[in-house]
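The values are calculated or read from the model by the stated rules, or taken from the named source; none is laboratory data. Small disclaimer: the values here were computed from a predicted structure and weren't measured. Please note: Cβ atoms are built from the backbone with ideal geometry, for glycine as well, and neighbour counts cover all protein chains shown. Keep in mind that these areas ignore ligands, DNA and RNA; they rest on the heavy atoms of the full protein, side chains included. Shrake-Rupley method; radii C 1.70, N 1.55, O 1.52, S 1.80 Å.
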Amino acid sequence: MSGIHPFRVLRAKPLWIANGVITGVLALLFAVFYVGANIDPADHLTKLPVGLVNADKGAAVGGKRVNLGAQITESIKKSTASGDKIDWKVMDEKEMKDALGEGKLFGALVVPADFTSSTTALTGTAPTGTPARPTLTVLTNQSAGSLGSGLARTATTQAAENASLQVGRELAAQIGTAQAKLPAAARVLLTDPAAVTVEDGHPLDSHSGLGMTAFYYALTLVVVGMLSANVISGQVDHALGYTHNDMGPLRLHRPLIRATRVQTLTISATHMTGLSLLMGTLVMAGAVGIMGMDASHLPLLWLYSVCAIAVTGIGALTLLAVFGTPGMLVVTLVFIGMAVPTAGATTPIEALPGFYRFLSEFEPLRQITGGIRSILYYDAQADAGLTRGWAMMAVGLVAAGLFGFGVLGWYDRKGLHRIPAETKPEKTAGPGVTAPV
């Protein structure tokens, strides 16, 4: 015993400096990643995909064929009011429904088939009958993300209202002095002829968390894989005799079994792969079976869940093995700190600053979320994110293997073993007790 009181370490400046640097940097990075990505989505919005559909069949007015829907969609497409914030996708109704059903649109604006006939009826220049107020339909898509759908709804509603006012001005100019002969209510209506209605373009089941269950389910898979890697890494080290295992007041220690760094990672990765079958099953059982989350394609969801946990876990094990003690901080930043803001779930990728968009291209949570979203909301369509999810998981697994075994193999070849070769193994003095040789 040294005779030095343990509290004296509180006077050690290196301890304060080291812990201060590490915790300070961690706090700063989390603030930058979480707050910075979401501080002003509307200002950073660029090319949010929104559908623009003209289903108007037109009508004969004054001996000429008129299609107000075509005029509206062309005007919106050319308008500079939204700058480059909205990427208007001109398409037909079927293409629009398919795109909404694959999560490729955050919303749509639809001009109905009777728009021209209903509008011109207000002026009295169309065949007689009771005129019905024309409508412009705004479609939302919460399955693609609530915030993105809200931004699209705001943009499409504003575009529809502006279009209605423009159509009103054009109709008033066309009928000229005849406008005075219309009833007062009709003249008022003519200034803003179209009613704007909002509908859900891709309805979800009630237990879908308003389009957020895919994100939270994917986040669960990533967190389970990441935390399990920490547990498995520690338990494998204990089984090989490299570390003690504290169980409450008890300290357990096993005899040393020498293993190279590559062998240790192989053992840990094998454990992760096997236990992912259990963890993936229990995650799905908890979410779907116990909590009642709406889900279909259950065999595919199970397989995807197992693979996502395995790949995340092996990636985390690689970082822990390569970086050692600081590895858990690296794992936390990669799989949580940088991943959550760039997943495209709470804030669409199109509304993130450029740096975060770059991170989203390879951050694992976004890829896994895309695959889960496809399975839960889009009938497991490959183009809805499932193919990308599988592909990026495969790329991540290969990258983790090359990086991990490559670096650890170099450590082994350089003789950078976890216990120097000259260190003598301890002799077992009894069950759970060791003594020096």
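Among DSSP beta bridges lying fully in the range 17-105, give the percent that are antiparallel, nearest 5. Taking every DSSP beta bridge with both residues in the range 17-105, the antiparallel ones total about 35 percent. For the range 300-383, the carbon plus sulfur part of the accessible surface works out to 70%, probe radius 1.4 Å. The Ile290 and Leu165 beta-carbon pair, evaluated with R₀ = 51 Å, returns a calculated FRET efficiency of approximately 0.45.
Go through 109-119, 312-322, 64-74 and give me the packing order, highest mean Cβ count within 10 Å leading. Don't skip to the end; give the middle numbers.
Values: 109-119: 23.5, 312-322: 26.2, 64-74: 18.2.
Ranked from most to least packed, the peptides come out as 312-322, 109-119, 64-74.
Given a 10 angstrom Cα cut-off, can you work out which residue in Met291, Met392, Met91 is the most mobile in a GNM of the chain? Maximum among the listed residues: Met291. Where (1) 21.8, 71; (2) 30.7, 111; (3) 22.3, 64 are the candidate values, the label of the one calculated here for Rg and Dmax of the Cα atoms in Å is (2). Using a probe of 1.4 angstrom and keeping all protein chains present, the accessible surface of the range 27-83 works out to 54 square angstrom per residue.
Which FRET efficiency value, to the nearest 0.05, do you get for Asp87 and Ala195 by plugging their Cβ-Cβ distance into 1/(1 + (r/R0)^6) with R0 = 25 Å? Taking R0 as 25 Å, the efficiency between Asp87 and Ala195 is 0.45. Relative to the dominant Cα principal axis of the chain, helix 298-323 is inclined by about 50°. The residues of the range 256-359 expose, per residue, 40 Å² of accessible area to a 1.4 Å probe. A dipole drawn for the chain from +1 and -1 charges on Cβ atoms has a positive end, and of Ala321, Ala172, Val334 the residue lying farthest that way is Ala321. What net charge do the residues around Ala218 carry, taking every other residue with its C-beta under 10 Å from that of Ala218, with Lys and Arg at +1 and Asp and Glu at -1? Computed value for this residue: +2. What's the angle, to the nearest 10 degrees (0 to 90), between helix 68-78's Cα axis and the longest principal axis of the chain? It works out to around 40 degrees. Note on Leu10 and Thr23: their simple-model spin labels are 1.3 nm apart, each label 7 Å out from Cα toward Cβ. Out of the DSSP beta bridges found with both residues in the chain, what percent are antiparallel (nearest 5)? Around 45 percent of the beta bridges assigned by DSSP in the chain are antiparallel ones. The residues packed around Gly404, meaning those with a beta-carbon under 14 Å from its beta-carbon, carry a net charge of 0 if Lys and Arg are +1 and Asp and Glu are -1. Most tightly packed first, judged by the mean number of other beta-carbon atoms within 10 Å of their residues, the peptides 371-384, 268-281 read 371-384, 268-281. Working from Cα positions, state the angle (0 to 90°, nearest 10) between the long axis of helix 261-284 and the longest principal axis of the chain. Taking the Cα atoms of the chain, the angle to 261-284 is about 50 degrees.
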